[in-house]
Amino acid sequence: MNSRECILAALRREAPAWIPTFEWLVDRRVREALCPGGDELDFVVRAGWDAVVVYADDHPDTDGKTQYVDEWGLTVRRATEEYPVVVGHRFDRAEDLDSFTPPDPLAEWHFRSLCKAVKRFGGEKAIVFRLRDAYSLPRYLVGMENLMMLMAGEPEFVRKLIGIAVDYYVAMARRAAALGADVFWTSDDYCDNRGPVMGPQRWRSLCLPGLQRLIRELKPLGKPFIKHCDGNVNPILDDLVRAGIDCIDPIDANAGVELADVKARFGGRVAIKGGVPVKLLCDGDPRQVRECVKACIETAGPEGYILSSTSDITASVKPENYAAMLDAWREYR
């Protein structure tokens with residue numbers, strides 16, 4: 001059983017040859033400390049991950065640019081963290097959507113990073129392709145504050161935005177599957193530490209149907225579906241599982257989501273990824289990290305568990321702590 005097979009077995013809620021690991025993103029400063037001179041794919045080898053995560057390229061040429069306008073007309077800025085930030089939205093009024101033509105999800109430049117990862121790791125490591133679902137794109141297109149008001153006052157307009165997003169990502173996913181993607185994940189964060197930012201009922205009314213349609217249309221592709229959502233997902237966790245996801249991520253104890261509880265309640269229905277608090281990786285020491293990794297594996301493994309942090313390996317993570325996490329994973333996996 002190789003790394004790819006271990007990931008797929010875990011996502012089927014089976015016990016793989018070893019408990020696998022990977023992260024959604026590692027900040028360049030941590031990468032450079034642990035893999036000097038290497039790029040994102042070199043780091044996958046250095047860390048020994050069982051999967052490589054691929055983000056669709058959002059612009060045909062962003063090399064060296066700290067700010068650019070993407071295909072949706074959104075102003076995107078690269079700041080101190082690795083993850084780019086949308087700093088300018090597209091629509092101010094519902095009427096602006098009438099003359100809008102969505103961009104082409106099948107433009108070949110979207111898949112350059114995917115093809116590069118497949119060429120290097122295909123068949124050996126799981127190729128995990130990032131999509132969006134029903135929240136992130138609408139939020140970016142109209143702005144966070146405006147979206148909250150539109151959800152309350154113009155829900156049909158929000159449903160149109162969600163429909164555009166789902167159509168786009170269904171088409172992109174089908175192409176990614178044909179090019180070699182093994183697993184899909186969506187990174188829309190609906191929740192803060194209190195629960196869904198728009199409230200559970202409004203989330204169920206507006207966002208959940210879009211997520212359900214995305215999953216339903218992707219199921220024929222035969223690829224596992226990981227749902228990522230930071231924060232306190234407890235109020236909507238049953239809904240997410242019933243929507244048909246194959247794995248829930250990232251199980252953030254600092255937001256009140258306990259790994260043992262999720263395993264006990266849902267371990268027979270979905271795989272679980274996550275469990276090692278980013279706060280610990282930032283503020284703790286290697287001994288504490290090792291103890292946490294061992295506890296996570298004992299709690300959630302061996303069936304249907306993927307070890308990872310509770311979000312990303314951010315710029316604030318101490319490189320020695322992430323190195324300790326990887327060392328402990330190799331020992332206890």
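See the values below:
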read-out	value
Rounded Å value of the spacing that divides the Cα centres of segment 73-101 and segment 1-53	31
Mean Cβ neighbour count within 10 Å, used as a protection proxy, ranking 165-174, 72-81, 95-104 highest first	165-174, 72-81, 95-104
222 nm mean residue ellipticity, helices alone, for the chain (DSSP H n ≥ 4; -39,500 (n - 2.57); rounded to 500)	-12000 deg cm²/dmol
Beta bridge orientation in the chain: antiparallel %, DSSP, nearest 5	25
Relative contact order (%) - segment 116-190, alpha-carbon pairs under 8 angstrom, separation at least six	56
Stretchable slack from D261 to K116, in nm (0.36 nm times residue separation minus alpha-carbon distance)	48.3 nm
Long-range HN-HN contacts of S311 with modeled amide H, under 5 Å	V278
Approximate spin-label separation E14-S205, in nm, with each point projected 7 Å along Cα-to-Cβ	4.4
Residue of I297, I226, I251 that the Gaussian network model of the chain assigns the largest fluctuation, springs spanning Cα pairs under 10 Å	I297
Segment 3-332 - Rg over Rh from alpha carbon coordinates, Kirkwood radius	0.94
Taking N as its residue count, the alpha carbon Rg of segment 119-262 over 2.2 N^0.38 Å	1.06
Karplus-derived HN-Hα couplings along segment 185-202 (A = 6.51, B = -1.76, C = 1.60, θ = phi - 60°), whole Hz, x at Gly and Pro	9, 10, 10, 5, 8, 7, 10, 9, 6, 9, x, x, 5, 9, x, x, 5, 5
Segment 31-82 pair-distance distribution - Cα-Cα, 10 Å bins, rounded %	20, 40, 31, 8
Relative contact order, percent, the chain [alpha-carbon distance under 8 Å, six or more residues apart]	21
Where labels lie 7 Å past Cα in the beta-carbon direction, separation of A33 and D96 in nm	4.0
Relative contact order (%) - segment 191-327, alpha-carbon pairs under 8 angstrom, separation at least six	22
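Values quoted throughout were computed directly from the atomic coordinates according to the rules given, and no laboratory measurement underlies them. As the structure is a computational prediction, the values presented were derived from the model and not from experiment. All Cβ positions, glycine included, derive from the backbone under ideal geometry; neighbour counts span all protein chains shown.
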